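Working notes, structure below.
Nothing in this text is a laboratory measurement; each read-out follows from the coordinates by a stated rule. Values in this document were obtained by computation on a predicted structure and should not be read as measured data. Cβ atoms come from the backbone with ideal geometry, glycine included; neighbour counts cover every protein chain shown.
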Amino acid sequence: MYRPGGAARPGRGAQDPPESEGPESLPPDALIDLSTDLAGKDVEDTLARLDEELIGLAAVKLRVREIAALLLIDRARQQFGLQAVRPTMHMSFTGGPGTGKTTVALRMAELLHALGYIRKPKVHTVTRDDLVGQFIGHTAPKTKEALAKAAGGVLFIDEAYYLFRPENERDYGQEVIEILLQEMETERSSLVVIFAGYPDRMDTFFSANPGLSSRVAHHLEFPDYTRAELLAIAELMVAQQNFTFAPDAVAAFDRYLELRMPRPRFANARSVRNALDRCRLRQANRLVGLHRPVSRDDLMTLTVTDVEGSSVFAAGPATESTPDPG
């Protein structure tokens, strides 16, 4: 696989044949069939998986496809000897919980690896606790350890704004930011950093750290899902787990979403997954309580009873003490 910026061979002896300057460039009138690039096939497979895994997110998927196209065209340009500055791939993912940020990061790592931009299709996820030390001299080793684990791949910093705490003069988060600034510039050939978090807090974070902002080339916004999209996500999750909704259960789950979405701490697809887990609990309890043999259809079907057993349907206002009601 093509690796941009590969290391040169160590010094050779007198009997060694002279090194070539790399593959010969194509003549100016040559044509390149992009569809024959094996990396392009890997990219299309990754993009197809992204479409299968995530409902909606049209703008995010478009940006991912544009990044893939840019790197694919760069590969073609190099075959003609047309050199260009290596594009920066550090990114910012902003959006609420459960909007697909982690999934897109995983697929982005696969895509960048397929195109030879990074060596490994892996994502190392960290938070403030993994980077910031508790005493003088503790932060740098922790941060460098995280960078070493992410080397050759993607470092995904979740809730990145917690690195910056201006109200605390003794906070060591600024030291992390300074190390990241250096590594993002000097290790661009072996590391991609993705900063993730809520939109308003990330805006404040980048405004207070313009050096970071200038090194982040791609800002992807992950909007909250609509109710229709969440219902489609629920049906996708149910099918992936070899379950199915009874016809009236689909309408019941749609009603569940209508009631649940305005309540505290709703987390998009994450809350949908939690709700389905509790539907399965109620289904299991219902089937055991039948005291009769059960069929394959019984084991696969989530009924309206399994859905409407949620406390969301009970009367009474939501409270902050019920973060994700069942």
**Asked** Shape of the stretch 36-104 from its Cα gyration tensor (a ≥ b ≥ c, root eigenvalues): rounded if a/c is under 1.5, otherwise prolate when a/b > b/c, or oblate?
**Response** oblate
**Prompt:** Where does each of T127, T143 land when they are ranked from fewest to most other beta-carbon atoms within 10 angstrom?
**Reply:** T127, T143
**Prompt:** Around G95, which amide H atoms from residues at least 5 apart in sequence, or from another chain, sit under 5 Å from its own amide H, with H modelled in the peptide plane?
**Reply:** G197, Y198, F222
**Asked** What is the set of long-range amide H partners of T125 at a cut-off below 5 Å, with H atoms built 1.01 Å from backbone N?
**Response** F156
**Item:** Per-residue ³J(HN,Hα) for the stretch 134-151, Karplus 6.51 cos²θ - 1.76 cosθ + 1.60, θ = phi - 60°, Hz, x for Gly and Pro
**Value:** 9, 8, 4, x, 9, 6, 4, x, 5, 5, 5, 5, 5, 5, 5, 5, 8, 3
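Just rank H113, H218, fewest to most, by other beta-carbon atoms within 10 angstrom. Write down the numbers at each step before the final one.
On the way: H113 21, H218 18.
Listing H113, H218 from fewest to most nearby Cβ atoms yields H218, H113.
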**Asked** Cα convex hull of the chain: mean projected area in nm², to one decimal?
**Response** 24.9
**Asked** Once every DSSP H run of n ≥ 4 in the chain is given -39500 (n - 2.57) and the sum is divided by its residues, what mean residue ellipticity at 222 nm do you get, rounded to the nearest 500 deg cm²/dmol?
**Response** -14500 deg cm²/dmol
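Quick one: T186, T301, fewest Cβ neighbours within 10 Å first, how do they rank?
The fewest-first ordering by Cβ neighbours comes to T186, T301.
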**Request:** Pop out the ³J(HN,Hα) list for the stretch 102-113 in order, Karplus 6.51 cos²θ - 1.76 cosθ + 1.60 with θ = phi - 60°, rounded to Hz; leave Gly and Pro as x.
**Result:** 5, 4, 5, 4, 5, 5, 5, 4, 5, 5, 5, 5
**Request:** Mind checking which of I55, P141, Y117 is farthest towards the positive end of the chain's charge dipole, using Cβ charges of +1 (Lys, Arg) and -1 (Asp, Glu) about the Cα centre?
**Result:** P141
**Message:** Quick query: amide H of F245 versus all other amide H atoms, modeled in the peptide plane; which residues come in under 5 Å with a sequence gap of 5 or more or a different chain?
**Reply:** L302
**Request:** Restrict the search to the stretch 47-150; then list the chymotrypsin sites (Phe, Trp or Tyr not before Pro) that DSSP places in a loop and that have at most 11 other Cβ atoms within 10 Å of their Cβ.
**Result:** F135
**Request:** Return the sequence-ordered ³J(HN,Hα) values of the stretch 82-90 in whole Hz as given by the Karplus equation 6.51 cos²θ - 1.76 cosθ + 1.60 applied to θ = phi - 60°, using x for Gly and Pro.
**Result:** 8, 8, 9, 4, 4, x, 7, 10, 5
**Complete:** Cα-based Rg/(2.2 N^0.38 Å) for the stretch 227-313, rounded to two decimals, is 1.06
